[in-house]
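Engineer: Mind having a look at this structure? Questions to follow.
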């Protein structure tokens, strides 16, 4: 089953120099293990391919039911140097929430996940 990330999580993003910081928080505690398993560093890097120039780091925050991603080389030098429209990285959270995850049908049904339309 394809599941839209925006249906199972919310996110916030911002900047630290040339790095965008994106936090993804499960909307329900029982959905965090699914995020932890399927929202990998490699999957996020692939999602932002061509937009970021550096690597992606992932940090798990199980007590918050959240993941935090650092997207290196995402802001063309950062807020004071960048000519990008979003030099502070505020739209990276929205862009990440547009991702769809492939979840095995049985797992999706067991967790009560909404299917992507």
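Just so you know, all these numbers are worked out from the coordinates, no wet-lab data involved. Given the structure is predicted, the values throughout are model-derived calculations rather than measurements. All Cβ positions, glycine included, derive from the backbone under ideal geometry; neighbour counts span all protein chains shown.
Engineer: What are the radius of gyration and Dmax of the chain, computed over its Cα atoms and given in Å?
Structural biologist: Cα-based Rg and Dmax for the chain come out at 14.5, 48 Å.
Engineer: Order these peptides, 58-64, 4-10, 32-38, by their mean beta-carbon neighbour count within 10 angstrom, highest first.
Structural biologist: Averaged packing, sorted descending, gives the order 4-10, 32-38, 58-64.
Engineer: Ok, one more. Distance between the C-alpha centers of segment 38-78 and segment 7-30? Whole Å please.
Structural biologist: Distance between centres, Cα-based: 10 Å.
Engineer: Per DSSP H run of at least 4 residues, take -39500 (n - 2.57); add these up for the chain, divide by its residues and hand me the 222 nm value, nearest 500 deg cm²/dmol.
Structural biologist: -6000 deg cm²/dmol
Engineer: For the pair residue 102/residue 63, report the inter-label distance in nm, with labels modelled 7 Å from Cα in the Cβ direction.
Structural biologist: If labels sit at residue 102 and residue 63, their model points lie 3.6 nm apart.
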